[in-house]
1. In deg cm²/dmol, rounded to 500, what helix-only [θ] at 222 nm does the protein assembly as shown give when every DSSP H run of at least 4 residues adds -39500 (n - 2.57) and the total is split over its residues?
2. Alpha carbon centre of the stretch B:248-264 versus the stretch B:265-311: separation in Å?
3. Compute the distribution of all C-alpha to C-alpha distances in the stretch B:134-287, in bins of 5 Å from 0, and list the percent of pairs in each, rounded to whole numbers.
4. Using only the alpha carbons of chain B, what is the convex hull's orientation-averaged projected area in square nanometres?
5. What Kirkwood hydrodynamic radius do you get for the stretch A:111-161 when you take the inverse of the mean 1/r over all pairs of distinct Cα atoms, in Å?
6. Evaluate the relative contact order of the stretch A:111-161 (contact order divided by residue number), counting alpha-carbon pairs under 8 angstrom at least 6 apart; express in whole percent.
7. So for the pair residue A:74, residue A:101, with labels modelled 7 Å out along Cα→Cβ, what separation do we get in nm?
8. Among DSSP bridges having both ends in the stretch B:76-200, what percentage is antiparallel? Round to the nearest 5.
Amino acid sequence: MEEDSDSHQDSEKELRVRKIKDGMVIDHITPGNALNVLKIVGITGKEGMIISIAMNVPSKKSGTKDVVKIENRELDLEQINRIALISPNATINIIRDYEVIQKKKVTLENEIQGVIKCLNPNCITNGNEPVKSFFKIVQTNPIAIRCEYCDRIIDYDEICQQF
Amino acid sequence: MNFLGRHIISIKDFSREELDFILKVANQMEKFYQDGSTLLKGKILATLFFEPSTRTRLSFVSAMYKLGGEVISLSNPEMSSIVKGENLTDTIATVQNYADAIVLRHKLEGSSKFMSEISRVPIINGGSGTKEHPTQAMLDLLTIQNEMNGKIDGLKIAIVGDLKYGRTGRSLAYALSNYDVDLFFISPPLLRMQNEVVSDLQKLNVPVKESEDIMPIIKDLDVIYVTRIQKERFPDPTEYEKVKGTYRLSLDMLNDVKDQLIIMHPLPRVEEIDYEIDKTKYAKYFKQTYYGVLLRMALLALILSGDNFDF
């Protein structure tokens, strides 16, 4: 299997982002959200790994998309699934020696702990207490999550604004 | 049905069967209320109230004494280590060693829920933020049931006033979602019941109507539950002045109401109900405070002694 999906070939032709030898390609990211994806998986850019970002590139499937390529590193499943919060159609390609050895879709988990901040200033998770935020999904398209402590509902825009 | 050691965090955690059972036990508590009891002898209840309270705290204290238990209190946070910067987690971790159950009132939403995750003794939510007041909702159910000939099903119930920030109206609405009732939310637009509550109730197939004016429906109602409109919630004081009169229940508004109508209020009352109404047969808000003791006696008995008691 080639590294990139058919939808990514357009950008390949123009050499916007070169193929990587080993690592991970996060493809089909909702356009404009590549930087948010990096934030939500906890990559700041100071880790030293090589990261390539393509934003708003043409895609046969969805018109445009963002792509992130991370070299010589693979994210764990929990990090990958966080991506589903802001980019539910993203796919993950694991690359070894320029070949895609595994391809999977991100999965929206029903429970999200510690990633998103509750926007209710009076929520116990925003007080001076040793408690992590904890949300459950109440709606998937568009996404909405509900704080298990204070019931505050946080929608897609509010999630994106946090990153 | 065994409630031994159970936390009381949200009214949403209780099923219809559980609520009916608690109401039944509450009515059985009348005997202990009259004669006293030693059921909870040797047990200690801690009351931690970080926000003002008259009825909730005193009725828990009264209920505990009626059942032969003891109470320790942190009624004034200014006198506790909270002012030294101690958080609630450390406070609960400490107080759980002093008491068999803890009643907590705190301004932070979810405070009781989180404390129930760390406390080894039952936490009873005595009111948290603007969202939850489960024991008030239960005593409101008890009042409605007892004052409406033993049934809640089939009633038309209006919850009036500050539905956005008032935790009592919100908790009662969730409590009533277990019953076959028609709900009417009457409030100024600024203080409407939060969308998530209306949406939750609709998912549970509870008939809900929202309105700014009670008068078109007042003659059809069985229960009017009035809540205080909190002046401090209005960004512009003139807006408050405009709406406050609209949500004040006066004697002349009751000309065409049903004979068996009951008027309730979680109290404190400021201006929402004319004092003249107090003398009418409709007024049940002080009877509610009596039911509050019975209900809290039932909860304490069930949580601290399980179902091992005879009447």
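Read-outs throughout are calculated quantities, based only on the coordinates presented, and are distinct from any laboratory measurement. No experiment lies behind these values; they were computed from the predicted model shown. Cβ coordinates were reconstructed from backbone atoms using ideal geometry, including for glycine residues, and neighbour counts include every protein chain displayed.
1. The helix-only estimate for the protein assembly as shown comes to -8500 deg cm²/dmol at 222 nm.
2. Centre-to-centre (Cα) distance: 20 Å.
3. 2, 9, 21, 24, 22, 14, 6, 2, 0
4. Working: hull surface 64.5 nm².
Average projection, Cα convex hull of chain B: 16.1 nm².
5. 10.9
6. 31
7. Once both label points are built, they end up 0.6 nm from each other.
8. Details: 1 of 10 bridges.
If we restrict to bridges inside the stretch B:76-200, about 10 percent are antiparallel.
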